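Asks: Dropping the structure in here first, questions after.
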Amino acid sequence: MTERQNLVTLFSNVQTKLKTYGLREYVAPKGLSLLDLDNAWKHLLKSEADWSRKINDEIRRFDFLSLSSISSDILLSIKEELRKKFARLANDFEQKLRSISMELTNMEGALEVMDDCNSVCLPNTS
C-alpha cells in the first residue's frame with residue numbers, strides 16, 4: 001500500500017514541477033495512468049482475497065472430511081502445505097511489486113527518456 005501512495009505522490013510532484021517550470025504536462029502511456037494503476041491495484045487486492053478464500057475453503061473442506069479415513073496429522077500437513085503455497089505466492093508478488101517500485105524510483109533524466117523506458121521497465125498491459 002505504501003508503494004502505491006508513494007507512486008501517486010511522485011506523479012503529483014512531477015506534474016507540479018512541470019507546471020512550475022512551464023513545461024508540457026506528462027501524459028502516461030495508455031494503460032499506465034493513475035486510474036489504470038488504481039484499477040490494477042484493486043484487481044490484485046480482489047485476486048488476493050479470492051485466493052485467500054479459496055485456501056480457507058479448501059482447509060474447511062478438509063476439516064469436514066471423515067477423520068476415520070484421514071488422520072489429523074495428514075490434515076495438518078495438508079493445511080500447512082496450503083499455507084506455505086499461499087505465502088510463497090504472496091512473497092513472489094511482493095518481490096515483483098518491490099522490483100517495479102525500485103525501477104520507478106531509480107528513473108532519472110528527461111521525461112521523454114523515462115517514457116521510452118516504460119516499455120522496458122513495466123509490463124505491457126494491452
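Here, each number is a calculation from the coordinates, and none is a lab measurement. Here the structure is a predicted model, which is why all the values come from computation and not from measurement. Neighbour counts are summed over all protein chains in view; Cβ atoms, including those assigned to glycine, are modelled from backbone coordinates with ideal geometry.
Asks: What number do you get for segment 31-107 when its Cα radius of gyration is normalised by 2.2 N^0.38 Å, N = residues?
Replies: Cα-based Rg divided by the globular estimate yields 1.56.
Asks: Here's a follow-up. Between F11 and L45, what's the calculated FRET efficiency when r is the beta-carbon distance and R0 is 25 Å? Round to 0.05.
Replies: For F11 and L45, the calculated efficiency is 0.80.
Asks: Can you order the peptides 49-59, 21-31 by their average number of other Cβ atoms within 10 Å per residue, highest first?
Replies: In decreasing order of mean packing, 49-59, 21-31 become 49-59, 21-31.
Asks: With each label point set 7 Å from Cα along the Cα-Cβ vector, what nm distance links A87 and R60?
Replies: For the pair A87/R60, the computed spacing is 2.4 nm.
Asks: Pulled fully out, how much extra length does the chain show between R4 and N106, if you take 0.36 nm times their separation in residues and subtract their Cα-Cα distance?
Replies: Stretched fully, the R4-N106 segment lengthens by 35.1 nm.
Asks: How far apart, in nm, are two points set 7 Å out from the Cα along the Cα-to-Cβ line at K96 and at S33?
Replies: 2.4
Asks: For segment 52-58, just list the computed ³J(HN,Hα) in residue order, Karplus coefficients 6.51, -1.76 and 1.60, θ = phi - 60°, integers in Hz, with x standing in for Gly and Pro.
Replies: Using θ = phi - 60°, the values come out as 4, 5, 4, 4, 4, 4, 5 Hz.
Asks: Could you pull out the pairs from K17/K46; K42/K79; K30/K96; K42/K84; K17/K42; K54/K96 whose alpha carbons sit more than 31 Å apart here?
Replies: K17/K46
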